[in-house]
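J.: The structure that follows is given in the form of structure tokens.
The values are calculated or read from the model by the stated rules, or taken from the named source; none is laboratory data. Computed from a prediction, not measured in an experiment: that's the story for all the values here. In this analysis, Cβ positions are derived from the backbone assuming ideal geometry, glycine residues included, and neighbour counts consider all displayed protein chains.
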Amino acid sequence: MKKFVTRLVILIAVLIAALYITDTTYILKAIRTVYLNGHTTAFLDDYTFSENKTVKTGKTKAWPLHKNYNKIPATQKLLDLHKAQGTVAYLIIKNDSLLYEAYYDGYNEDSRSNSFSMAKSYVSGLLGKAIMEGYIKSLDQPVSDFFPQYKEGLGAKVTVGDLASMASGSSWDESYYSPFSITTKAYYGENLEDLTLGLTTVIEPGQAFKYASGDTQLLAMVIEKATGKKLYDYLSESFWIPLESENEALWQIDSETNAMVKAYCCIASNAKDFARFGKLYKNHGKWNGQQILDSTFVAKSIQPRFKESPRYGYGWWLRKTKDKSFFMMEGHLGQCVIVEPTDNLIVVRLGHAKESFDHDPYNGDISVYIEEAYKMLSNDPQTQP
């Protein structure tokens, strides 16, 4: 037994040494955060195991309640899906009033949970804000104006607009479950800037959509350099405070030393405050009559950049049906803020799981959240689209 314990200790020591030698010590953090907490991937409450910076709010204002607030019951299909996929929050906002809200699994209206890639929509919006305020010239400004690493080769052609529309042609590998992927290293590593600047441009930029979280991370770095402000502070002053968010949010950072936000993910907030950003875009960048974000930028963001990729604009997922046009913030495990502007409708769902869709956010359960919301609306003539 003594020999076994000794060998085990030696084996563990060798493994840890190998992680240090191969610069993969982030795997230890991943194991500690994910697997030792009973999960197999990043999860809603993982922000509690990370360093965070506060996104401050100011004067707050609650969503007004619809006159039929919570009077329309959820459909059985919707309730079954909530149970099957671990929904923790579901909202229907009609005509800018809260029509329906429900919370599960111990969560409530103030509970924080991880946005995951819904954060990409905020970063795209911050690009629009930086352009509006004159920090960045336009969507066509080269990234090389901010980072000299991009002055040569294909990298010299990459623009900030390419980053927002996922068209940089970078070498980023969007793999969520491999412990050795750059996505995993970015999520659990401690120096996002060095990691991101180590990417190379391998495809002609500006020609096609390729989903890559590294594009959003580099865009965040550009915005910080252009504005001279940390992104969590810029989000606070640009959107969180003007949109009268009810609660402060937390944004995960790589480390206290570098304080670089995980820009492609990881804003911890609640369903009602996430919904505010959908309302801002639905209302063409206006909030309480004030133009918070340029309307031209908003309009461009929720239209596809590439004909071959009609379901993505600049930081927003898109969907057109026969008579409706949706745009959506979407994140890992099925987080979503769905907007249909003609019907003046916002649907929010946060939760623990989703059906696999291979980067097509309208397959599977997302469609059900939309369809069942419309069925609920049809049950009351006063709320029909």
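J.: Can you tell me how many residues in the stretch 101-124 are buried (at least 22 other Cβ atoms within 10 Å of the Cβ) and out of contact with any Gly (no Cβ under 7 Å at 6 or more places or on another chain)?
T.: So the answer is 4.
J.: Name the pairs: first residue in the stretch 93-111 and assigned by TED's automatic domain parsing to the domain that holds HIS82 and among the hydroxyl-bearing types (Ser, Thr, Tyr), second residue in a strand (DSSP E or B) and surrounded by fewer than 17 Cβ atoms within 10 Å (Cβ to Cβ), Cβ to Cβ under 8 Å, at least 6 apart or on different chains?
T.: SER97/LEU65
J.: Related question: Of the residues in the stretch 239-248, how many are in a helix (DSSP H, G or I) and crowded, with 24+ Cβ neighbours inside 10 Å?
T.: Residues flagged as in a helix (DSSP H, G or I) and crowded, with 24+ Cβ neighbours inside 10 Å within the stretch 239-248 amount to 1.
J.: Got at least one residue in the stretch 203-223 being crowded, with 24+ Cβ neighbours inside 10 Å, in the same structural domain as LEU91 (by TED's automatic domain parsing), farther than 24 Å from TYR312 by Cα and not acidic (Asp, Glu)?
T.: No; the residues of the stretch 203-223 include none that is crowded, with 24+ Cβ neighbours inside 10 Å, in the same structural domain as LEU91 (by TED's automatic domain parsing), farther than 24 Å from TYR312 by Cα and not acidic (Asp, Glu).
J.: Let me ask something additional. What single numbered condition from (1) at pLDDT 95 or above; (2) touching a Ser or Thr at 6+ places or on another chain (Cβ under 8 Å); (3) within 15 Å of ALA119 (Cβ to Cβ) fails to hold for ALA156?
T.: Only one criterion is unmet by ALA156, namely (3).
J.: Okay, moving on. Does LYS3 satisfy being of a type in the set (Lys, Arg), at pLDDT below 95 and either more than 26 Å from the chain's Cα centre (by Cα) or part of a helix (DSSP H, G or I) (or both)?
T.: Yes, satisfied.
J.: Quick one: which of PRO142, PRO179, PRO148 is out of contact with any Asp or Glu (no Cβ under 9 Å at 6 or more places or on another chain) and closer than 18 Å to HIS332 by Cβ?
T.: Sole residue among the options that is out of contact with any Asp or Glu (no Cβ under 9 Å at 6 or more places or on another chain) and closer than 18 Å to HIS332 by Cβ: PRO179.
J.: So for the stretch 177-191 (the condition being touching a Gly at 6+ places or on another chain (Cβ under 6 Å), over 13 Å from GLN217 (Cα atoms) and crowded, with 18+ Cβ neighbours inside 10 Å), does at least one residue qualify?
T.: The answer is no, given that none of the residues of the stretch 177-191 is touching a Gly at 6+ places or on another chain (Cβ under 6 Å), over 13 Å from GLN217 (Cα atoms) and crowded, with 18+ Cβ neighbours inside 10 Å.
J.: What pairs come up if the first residue lies in the stretch 58-85 and is under 16 Å from SER367 (Cα atoms) and assigned by TED's automatic domain parsing to the domain that holds GLU244, the second is charged (D, E, K, R) and at pLDDT below 95, and their beta carbons are under 8 Å apart, counting only those six or more places apart or on different chains?
T.: LEU81/ASP365; GLN85/LYS354; GLN85/GLU355; GLN85/ASP365
J.: Next up: Would you check which residues across the stretch 35-85 are among the β-branched types (Val, Ile, Thr), surrounded by fewer than 15 Cβ atoms within 10 Å (Cβ to Cβ) and either more than 18 Å from the chain's Cα centre (by Cα) or more than 19 Å from GLY331 (Cα to Cα) (or both) and list them?
T.: THR40, THR54, THR60
J.: One residue is enough: does the stretch 249-258 have a residue meeting the conditions among the hydrophobic types (A, V, I, L, M, F, W, C) and either over 27 Å from ASP273 (Cα atoms) or in a loop (DSSP other than H, G, I, E, B) (or both)?
T.: Within the stretch 249-258 (the criterion being among the hydrophobic types (A, V, I, L, M, F, W, C) and either over 27 Å from ASP273 (Cα atoms) or in a loop (DSSP other than H, G, I, E, B) (or both)), the answer is no, since none of the residues qualifies.
J.: Does the stretch 163-185 contain any residue that is acidic (Asp, Glu) and within 17 Å of the chain's Cα centre (by Cα)?
T.: yes
J.: A further question on this structure: List the number of the failed condition for ARG349; all other conditions in (1) in contact with an Asp or Glu (Cβ under 7 Å, 6 or more places away or on another chain); (2) buried (at least 22 other Cβ atoms within 10 Å of the Cβ); (3) of a type outside the set (Ser, Thr, Tyr) hold.
T.: (1)
Per-residue answers, yes or no, for (1) surrounded by fewer than 17 Cβ atoms within 10 Å (Cβ to Cβ); (2) under 20 Å from GLU133 (Cβ atoms):
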position: TYR234; (1), (2): no, yes
position: ASP254; (1), (2): no, no
position: THR257; (1), (2): yes, no
position: ILE267; (1), (2): no, no
position: LEU280; (1), (2): no, yes
position: SER295; (1), (2): yes, yes
position: PRO304; (1), (2): no, no
position: GLY315; (1), (2): no, yes
position: LYS324; (1), (2): yes, no
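J.: Are any residues in the stretch 282-293 out of contact with any strand residue (DSSP E or B) (no Cβ under 9 Å at 6 or more places or on another chain) and either of a type in the set (Asp, Glu) or surrounded by 15 or more Cβ atoms within 10 Å (Cβ to Cβ) (or both), and if so, which ones?
T.: Of everything in the stretch 282-293, those that are out of contact with any strand residue (DSSP E or B) (no Cβ under 9 Å at 6 or more places or on another chain) and either of a type in the set (Asp, Glu) or surrounded by 15 or more Cβ atoms within 10 Å (Cβ to Cβ) (or both) turn out to be ASN283, LYS286, TRP287.
J.: Which residue, of LYS272, LYS307, is among the basic types (Lys, Arg) and within 16 Å of the chain's Cα centre (by Cα)?
T.: Just one listed residue meets the conditions, LYS272.
J.: Now, a different point. Starting from the stretch 152-171, take each residue that is farther than 18 Å from ALA263 by Cβ and list its partners that are of a type in the set (Asp, Glu), counting only C-beta distances under 7 angstrom and pairs at least six apart or across chains.
T.: LEU154/GLU204; GLY169/GLU204
J.: Then there's this: Considering every residue within the stretch 152-170, establish whether at least one is touching a Pro at 6+ places or on another chain (Cβ under 9 Å), more than 21 Å from GLU51 (Cβ to Cβ), in the same structural domain as MET329 (by TED's automatic domain parsing) and surrounded by fewer than 17 Cβ atoms within 10 Å (Cβ to Cβ).
T.: yes
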